[in-house]
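Comments concern the structure below.
The values are calculated or read from the model by the stated rules, or taken from the named source; none is laboratory data. All values derive from a computational prediction rather than experimental measurement. Reconstructed Cβ throughout: ideal geometry from the backbone, glycine too, with neighbour counts over all protein chains shown. What goes into the accessible areas is simple: the full protein's heavy atoms, side chains included, and nothing from ligands, DNA or RNA. Shrake-Rupley method; radii C 1.70, N 1.55, O 1.52, S 1.80 Å.
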Amino acid sequence: MTPSVNVVAIDGPAGAGKSTIARELARVLNLPYLDTGAMYRGITCAALRKGIDPSDDAAVAELALITQLDISEDGLLVDGIDATADIRGEAVTRAVSSVAANSEVRRDLRERQRSWVASRGGGVVEGRDIATVVFPDARLKVFLTASPLVRAQRRVAQIGGDVDQIARDIAERDHKDSTRIDSPLRESENAMLVDTSNRSIEDVVNQIAEVFHG
Ligand code: DC
């Protein structure tokens, strides 16, 4: 595999600040930005639209192969229909872990992620398995974390709700994401570990950009 010279891989659990930091880092480095979580959410949305049970692995795998995902700065189209708001909704959020544990779906999306980046000559790519599986030869690997309370508070600021309930939901999703058999969430050996709990976005982005430029 040729080295992924212009790839920054950003992994970490929900609420660690991945999307905000990856988006801003991409702007600063002038690289395209890819949110791979949106792709898993897009397939989940397609299943729910079609009345397919998200935990029916065979049916979801078959569906994924024929589902078109158009991902851009403006949002996500699933088979040509805007799903930008739906993929952040409760129904998709509740079901997405089962889809993300589906090996056939992962294989398909992994290939799409690599093609997306290859056709653009690089990118800042965020997810759970980007440094460990999708781009193990990325130029820079970053693992973002934050304390459980800070993560829950950030989610509440984004989508509202009760901090304790959201903290429980996050803990459950973390557990599913990090204990699944295929490509579990874990820190890559040579990743830069950044705790974003009490730091500004600008501060974190500048630190990562400095390391990227070496
Ligand atoms: O980052 P997010 O909350 O939008 O991710 C949605 C789900 O997809 C979450 O359960 C983790 C999973 N995911 C994954 O397994 N691998 C990725 N590369 C990105 C997300």
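General observations
- Matching entry among Arg186, Arg199, Arg180 (being open to solvent by 70 Å² or more (accessible area, probe 1.4 Å) and within 16 Å of the ligand (Cβ to nearest atom)): Arg186
- Cβ pairs under 6 Å, 6+ apart, first in region 76-102 and assigned to a helix (DSSP H, G or I), second hydroxyl-bearing (Ser, Thr, Tyr) and surrounded by fewer than 15 Cβ atoms within 10 Å (Cβ to Cβ): Ser98/Ser55
- Scanning region 90-104 for residues that are within 12 Å of the ligand (Cβ to nearest atom) and over 11 Å from Pro54 (Cβ atoms) yields Thr93, Ser103.
- Applying the criterion of being assigned to a helix (DSSP H, G or I) and away from the ligand (no atom under 13 Å from the Cβ) to the residues of region 39-59, the residue that is surrounded by the fewest Cβ atoms within 10 Å (Cβ to Cβ) is Ala58.
- Number of positions in region 60-92 that are within 24 Å of Arg173 (Cβ to Cβ), hydrophobic (A, V, I, L, M, F, W, C) and surrounded by 14 or more Cβ atoms within 10 Å (Cβ to Cβ): 11
- Hits in region 105-152 (condition: open to solvent by less than 10 Å² (accessible area, probe 1.4 Å), more than 13 Å from the ligand (Cβ to nearest atom) and β-branched (Val, Ile, Thr)): Val124, Val142
Here's the yes/no breakdown for (1) small (Gly, Ala, Ser); (2) within 11 Å of the ligand (Cβ to nearest atom); (3) within 18 Å of Leu109 (Cα to Cα):
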site	(1), (2), (3)
Val5	no, no, no
Ser19	yes, yes, no
Ala22	yes, yes, no
Gly37	yes, yes, yes
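- Considered as a group, the residues in region 153-162 that are touching a residue at least 12 places away in the same chain (Cβ under 8 Å) and more than 16 Å from the chain's Cα centre (by Cα) include one that is least open to solvent (accessible area, probe 1.4 Å), and that residue is Arg154.
- Number of residues in region 55-75 that are of a type outside the set (A, V, I, L, M, F, W, C), in contact (Cβ under 8 Å) with a residue 12 or more places away in the chain and over 29 Å from Thr20 (Cα atoms): the value is 2.
- Residues satisfying the stated conditions in region 103-135, i.e. assigned to a helix (DSSP H, G or I), within 14 Å of Ser183 (Cα to Cα) and touching a residue at least 24 places away in the same chain (Cβ under 8 Å): Ser103, Glu104, Val105, Arg106, Asp108, Leu109, Arg110, Ile130, Ala131, Thr132, Val133, Val134
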